[in-house]
Amino acid sequence: MSTRPAVVPVADRGPVEEQPWQWPESRWRGIVDHVRAGRALRPATWPGGARCAVALSFDSDHETGTLREGETSPGRLSQGQFGNRCGVPRILKLMAKYDIKASFFVPAVVAMLYPEEQRRVIAEGHEIGIHGWIHERNSVLPEAAERDLQMRAADTLERIAGVRPVGIRTPSWDFSPHTLAITRDMGLIYDSSLMADDDCYELLFDNAPTGVVELPVEWIRDDAVYFNMNRNLSLRPYTPPSGVLEIFKAEFDAAYAEGGLFQLTMHPHIIGHRARLWVLEKLIQHIRAHTGTWFATHAEIVRYVQKG
């Protein structure tokens, strides 16, 4: 008796998904061109003759980073609560000390948990932007669900904070093939989740201009990359605060030399610890030591570059 395995006819195996190296040009080109960077929007000068624009931002994830995973651990949830109890108050105190306005991107669930926090953020002159419903991952959502959550998030922030958001930062910068169309259809003026440039640019959707401005982010300018801790994943912070300060200073110095934009993403439950808020204050002092810097919210910067 033969021990060789039976050969299943190809016709009986069902459709076989092509591998990327088998894709025709039309397929890979269509994927690349679906959401793309368009015209550059770096202005010739910044307001008041400033040489560099500085956009500080805080993603107020709080407990939603845990909740979105379906986790119920009080320990993990307490790390998020720190963002409300300690992180945001310290950040707002620091912003007031240096008279700086910043942008806070807030999941709708966080706004419902802490409505007074959002009202204080607005009352002190800062911006609140959309940051999902429960910090969900857009790339795993059906288009209808993503659209519904993004629109409900905007409605919730407006109801609680009293101001309609004009921009979005997708949770975890997770940008689905549908996100830009939803953002455009909602009439938002900007996104801050993508990374095709150091400076602002217009977003293209299937090669067509959308009018939506991208104010780009980058992992090198994100506090979570250096300070995240998760014992279950053996994830440990590997860079001391002094090292993070040097990286952020180097990024600013390069933006200043080019006359461009310096954007920074932080999280209240991460940067808000005492040994880390020191990084932000020292960075602000370093920036202020340079003549011609303009601190502004993301929305203010986008509106300025839109003027051409």
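What follows is calculated from the coordinates using simple rules that are stated; it is not laboratory data. Owing to the predicted nature of the structure, the values given are computational and were not obtained by experimental measurement. Cβ placement follows ideal geometry from the backbone for every residue including glycine, while neighbour counts extend to all protein chains displayed.
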Report summary line: Nearest 10, in degrees from 0 to 90: the angle of helix 143-161 to the longest Cα principal axis of the chain is 20 degrees
**Report entry** Amide H partners (placed H, <5 Å) of residue 210, local residues excluded
**Finding:** 203, 205
Query raised in the report: Using the count of nearby Cβ atoms within 10 Å as a rough guide to exposure, how do 78, 192, 172, 57 rank from fewest to most?
Result: 78, 172, 57, 192
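So how much slack lies between residue 45 and residue 98, counting 0.36 nm per residue of separation and subtracting their Cα-Cα distance, in nm? Provide the component values of the computation, followed by the final result.
On the way: separation 53, 0.36 × 53 = 19.08 nm, distance 2.33 nm.
Roughly 16.8 nm would be gained on extension.
With contacts defined as alpha carbon pairs under 8 Å and 6 or more residues apart, what's the relative contact order of the chain in percent? Numbers along the way, then the final one.
Details: 536 pairs, mean separation 85.0, N = 308.
Value for the chain: 28 percent.
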Query raised in the report: Which of the following values of percent of Cα pairs over 25 Å apart was calculated from the structure shown: (1) 52; (2) 49; (3) 62?
Result: (1)
Query raised in the report: With a 10 Å Cβ neighbour count serving as the proxy for reagent exposure, in which order, fewest first, do 46, 294, 278 appear?
Result: 278, 294, 46
Query - Fewest-first ranking of 86, 52, 200, using other Cβ atoms within 10 Å as the exposure measure - result: 86, 52, 200
Query raised in the report: Separation of the range 176-206 and the range 45-82 by C-alpha centroid, Å?
Result: 20 Å
